[in-house]
1. Which one of I151, I156, I133 is closer than 20 Å to Y17 by Cβ and either touching a residue at least 12 places away in the same chain (Cβ under 8 Å) or aliphatic (A, V, I, L, M) (or both)?
2. Every residue in the range 97-122 that is without any contact (Cβ under 8 Å) to a residue 24 or more places away in the chain and either surrounded by 21 or more Cβ atoms within 10 Å (Cβ to Cβ) or part of a loop (DSSP other than H, G, I, E, B) (or both), please.
3. Check every one of the helices (runs of 4 or more DSSP H) wholly within the range 1-91 and list those with 3 or more residues that are at pLDDT below 95, of a type in the set (K, R) and within 12 Å of the chain's Cα centre (by Cα).
4. Could you tell me whether M177 is without any contact (Cβ under 8 Å) to a residue 40 or more places away in the chain, closer than 28 Å to L69 by Cβ and under 16 Å from the mean Cα position of the chain (by Cα)?
5. Quickly run through the range 139-155 and pick out the residues that are part of a helix (DSSP H, G or I) and buried (at least 20 other Cβ atoms within 10 Å of the Cβ).
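The values are calculated or read from the model by the stated rules, or taken from the named source; none is laboratory data. Quick caveat: nothing in here was measured; it's all calculated off a predicted structure. Glycine also receives a Cβ, built like all others from the backbone with ideal geometry; neighbour counts cover every protein chain displayed.
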Amino acid sequence: MTINVELHYDFGSPNCYFVHKAIPEIEKRTGVKFTYFPILLGGVFKMTNNKSPMQQFADIPLKMDYARLETMRFIKEHKLTKFKMNPHFPVNTVQMMRGAIVAEEEGYSAQYTDAMFMAMWEDEKKMDDPEVITTTLNAVDLDGTHILGRIQEQSIKEVLIQNTSASVERGCFGAPMVFVGDEMFFGKDRLEAVEREIMRQQ
């Protein structure tokens, strides 16, 4: 039986970065490959009347303190020593996410995804700047000028819109969201449950 496991993600979320870094170990233990499904988190928020945790809990400092504590625990557990909070956060990720659609179409999605997550959450780059995106892609032997040109194509824009709508229709209200078949799991703290569900469905 083939199990379909999807990560619905946006490069602008540090929690998506954390899940991305944890996925290889889950894949190794379960033998199941994750499919990456690019969405626009801002679009999801708009469609679901949701807000980022920074907005939701801005007036609840103890909750924000606890969220930071959980983040530090996750970083320590998974040895994510290269993580840095991006000083430009939050950034408009529409260019990066359209680029993910291009990379998917052209067959270098994994390389592109690694480069974007690394630039955002390890190298502290301003990833809503087209020049920075282009330079970042060129540095990993991807054609930044070509990719940035293609993200202006209406068909690319439409795929990202359709992905985002389809994700919300399945129940997504934020990212990272993982679907194991029809079962939905939200956030980096549900990865153990994701792994149990994968094993259950095997």
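1. Values: I151 fails: closer than 20 Å to Y17 by Cβ; I156 fails: closer than 20 Å to Y17 by Cβ.
One residue alone meets the criteria, I133.
2. G107, A119
3. Values: elements: 14-30, 41-48, 53-56, 61-77.
In the range 1-91, there are no helices (runs of 4 or more DSSP H) which contain 3 or more residues that are at pLDDT below 95, of a type in the set (K, R) and within 12 Å of the chain's Cα centre (by Cα).
4. Numbers: without any contact (Cβ under 8 Å) to a residue 40 or more places away in the chain: no; closer than 28 Å to L69 by Cβ: yes; under 16 Å from the mean Cα position of the chain (by Cα): yes.
Here the answer is no, as M177 does not meet what is asked.
5. The first filter runs over the range 139-155 and keeps only residues part of a helix (DSSP H, G or I), leaving 139, 144-150, 154-155.
Selection gives G144, I147.
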